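The values are calculated or read from the model by the stated rules, or taken from the named source; none is laboratory data. These numbers come from a predicted model, not from an experiment. No Cβ is skipped: glycine too gets one built from the backbone with ideal geometry, and neighbour counts run over all protein chains shown. Note: areas computed on protein heavy atoms with side chains; ligands, DNA, RNA excluded. Shrake-Rupley method; radii C 1.70, N 1.55, O 1.52, S 1.80 Å.
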Amino acid sequence: MKTIIYYFTGTGNSLYTARKIAEEIGGAELISVRCEPKQVSAENADMIGFVCPVYEWDIPGTFKEFIKKLSVNKNAYIFMTATYVAIHGKCFETVNSILEEKGAHLSYGRAIRCVASQCIAYPPFPPEKIMIPHMEKQIKKAALEIKSKTLRDYPRMSQLSRKRYDSAMGPYLAVEHEYDKGFYTDDRCKSCGLCQKVCPNRNITMQNGRPVWNHHCHGCNACVVYCPTKAIQFKTPQAYVELGTLISKIMCLPEKRKRYHHPNIKAKDLIKDREKIGE
Ligand SMILES: Cc1cc2nc3c(=O)[nH]c(=O)nc-3n(C[C@H](O)[C@H](O)[C@H](O)COP(=O)(O)O)c2cc1C
């Protein structure tokens, strides 16, 4: 049986989830969103998985585009787990509707509650010592269900979130391309280029030994949390200042704020995956 799990991760929660599910199933191949979808087709897979974080009550745009371009076996058992902290929104509906255009559908969906890792906007919460064991339990449950090909209707967006989606998320999505204008490096930057390698969006290039962000950022924070010298800083971009919303008002990255990533996912795990595709 051929099983492929496709994933997007910024701070490791989703890669950790994908790995644990792969271990439980046995023999599953893990493929990053950084790959070219045409080269990693799921046409011959019997089981297909999608694992990603919830961003702005949906899935990251890059992952959406990846799934759109991916060929799938429409008769496969297809599962999705999304990592999130509070509101999963329409993420499962988005993936199912992309699959339906290919004549396929989600057989299973489960949202996994994790430590939130948007360190540009707020400190990680809930506390790791509470959340990591809880996350572990949820992943175990999902992995066993997936292994036995349980059918599970995927979680839908609540009526309240649906009503509020455009007004709550629209402003952020409108200025998303401005987000990475807030990043800069201080003199702790050692020009190691790790930020470039861990970015799931291929958004960073190195110029004169320093990272340059090229405005295809989803704010995943991988560059920030995996920088070995904490040299990447953030200043609220003007477009967000002008938004004047709660998140944009509290956007900042104090020196002492913990730069959370999943404790078992190190930078080398994200890079290994990049080497696999010949980069
Ligand atoms: C840009 C951004 C947007 C987010 N939006 C949401 C959201 O709408 N709802 C939610 O519950 N969590 C949200 N989160 C929290 C993430 O879904 C959560 O931390 C996730 O586990 C991160 O996965 P990763 O570690 O694989 O990158 C957001 C995080 C980021 C960085």
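A few comments on the model shown:
- Residues in region 133-151 that are in a helix (DSSP H, G or I), open to solvent by 10 Å² or more (accessible area, probe 1.4 Å) and either under 22 Å from Phe50 (Cα atoms) or not assigned by TED's automatic domain parsing to the domain that holds Asn75 (or both): His134, Glu136, Lys137, Gln138, Lys140, Lys141, Leu144, Glu145, Lys147.
- The set of residues in region 41-60 that are modelled with pLDDT of 95 or more and within 20 Å of Cys217 (Cβ to Cβ) comprises Cys52, Pro53, Val54, Tyr55, Trp57, Asp58, Ile59, Pro60.
- The set of residues in region 108-166 that are of a type in the set (Val, Ile, Thr) and in contact with a helix residue (DSSP H, G or I) (Cβ under 8 Å, 6 or more places away or on another chain) comprises Ile112, Val115, Ile120, Ile139, Ile146.
- Picking from residues in region 103-132 that are assigned to a loop (DSSP other than H, G, I, E, B), open to solvent by less than 30 Å² (accessible area, probe 1.4 Å) and more than 16 Å from the ligand (Cβ to nearest atom), the one that is farthest from Ser14 (Cα to Cα) is Ala104.
- Of the residues examined, Leu160 is not one that is in contact (Cβ under 8 Å) with a residue 24 or more places away in the chain, open to solvent by 30 Å² or more (accessible area, probe 1.4 Å) and among the aliphatic types (A, V, I, L, M).
Residues checked against (1) modelled with pLDDT of 95 or more; (2) over 16 Å from Phe66 (Cα atoms); (3) open to solvent by 40 Å² or more (accessible area, probe 1.4 Å):
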position: Thr3; (1), (2), (3): yes, yes, no
position: Tyr6; (1), (2), (3): yes, no, no
position: Thr9; (1), (2), (3): yes, no, no
position: Gly12; (1), (2), (3): yes, yes, no
position: Tyr16; (1), (2), (3): yes, yes, no
position: Ile21; (1), (2), (3): yes, yes, no
position: Glu24; (1), (2), (3): yes, yes, yes
position: Gly27; (1), (2), (3): no, yes, yes
position: Glu36; (1), (2), (3): no, no, yes
